1. Kindly indicate whether any position in the stretch 34-49 is part of a helix (DSSP H, G or I), surrounded by fewer than 15 Cβ atoms within 10 Å (Cβ to Cβ) and of a type in the set (Lys, Arg).
2. Please verify whether Leu95 is in contact (Cβ under 8 Å) with a residue 12 or more places away in the chain, farther than 30 Å from Gly3 by Cα and in a loop (DSSP other than H, G, I, E, B), treating the condition exactly as stated.
3. Exactly one condition in (1) in contact (Cβ under 8 Å) with a residue 40 or more places away in the chain; (2) in a helix (DSSP H, G or I) is not met by Val87; state its number.
4. Quick one: how many residues across the stretch 8-33 are without any contact (Cβ under 8 Å) to a residue 24 or more places away in the chain, in a helix (DSSP H, G or I) and either within 23 Å of Ser97 (Cβ to Cβ) or not aliphatic (A, V, I, L, M) (or both)?
5. Leu128 versus (1) more than 29 Å from Ala7 (Cβ to Cβ); (2) modelled with pLDDT of 95 or more: which is the lone unmet condition?
6. In this structure, is Ala82 over 20 Å from Ala22 (Cα atoms), surrounded by fewer than 19 Cβ atoms within 10 Å (Cβ to Cβ) and not charged (D, E, K, R)?
7. Can you name the residue in the stretch 1-25 that is within 19 Å of Val83 (Cα to Cα) and small (Gly, Ala, Ser) and, of all such residues, is surrounded by the most Cβ atoms within 10 Å (Cβ to Cβ)?
Amino acid sequence: MRGAGAATTALGIVGTLIAQRAMGASWRVGVDQEERTALVSDGPFARVRNPIFTTMAVTGLGLTLMVPNILAFAALAALVTAVELQVRVVEEPYLRSMHGSAYTAYAATAGRFVPGIGRQRTSSPDALP
């Protein structure tokens, strides 16, 4: 179990670094409403809108496997909850307001954290034709 956890942790760390590097000049910690950055939708972002957060969760899972106790599971659950809130409440509204239809089109093709899962619809299913 510890070996699998160590391998998963290493994979998560490497994935996080790759995703951060792919953001180039758009990489930031947090959201500054006044700052304008390019919408990154290539590399690891082509299929997943939040690969940095995905790989951070993989790292957290690996750490949990290395030391499987109630505290580790609670920390992993807290990480996943915090990431969900950050993405849904802070980052997605910012990106929608900053990039408009370009972000809407991108969000319709790339999953939120996993390829194909969490894609956003471009129009309401209740909309009239």
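1. So the first thing to find is which residues in the stretch 34-49 are part of a helix (DSSP H, G or I), and the list is 43-46.
Narrowing further to those that are surrounded by fewer than 15 Cβ atoms within 10 Å (Cβ to Cβ): 43.
Pick out the ones that are also of a type in the set (Lys, Arg) and you get none.
Among the residues of the stretch 34-49, not one is part of a helix (DSSP H, G or I), surrounded by fewer than 15 Cβ atoms within 10 Å (Cβ to Cβ) and of a type in the set (Lys, Arg), which makes the answer no.
2. Details: in contact (Cβ under 8 Å) with a residue 12 or more places away in the chain: yes; farther than 30 Å from Gly3 by Cα: yes; in a loop (DSSP other than H, G, I, E, B): no.
So Leu95 fails the test.
3. Just one mismatch for Val87, condition (1).
4. The number of residues fulfilling the criteria is 4.
5. Of (1) more than 29 Å from Ala7 (Cβ to Cβ); (2) modelled with pLDDT of 95 or more, only one is false for Leu128: (2).
6. Values: over 20 Å from Ala22 (Cα atoms): yes; surrounded by fewer than 19 Cβ atoms within 10 Å (Cβ to Cβ): yes; not charged (D, E, K, R): yes.
Yes; evaluated as a whole, the condition is true for this residue.
7. Ala19
The values are calculated or read from the model by the stated rules, or taken from the named source; none is laboratory data. Remember, predicted model here, so these are calculated numbers, not experimental data. Here the Cβ is made from the backbone with ideal geometry for all residues, glycine too, and neighbour counts use every protein chain on show.
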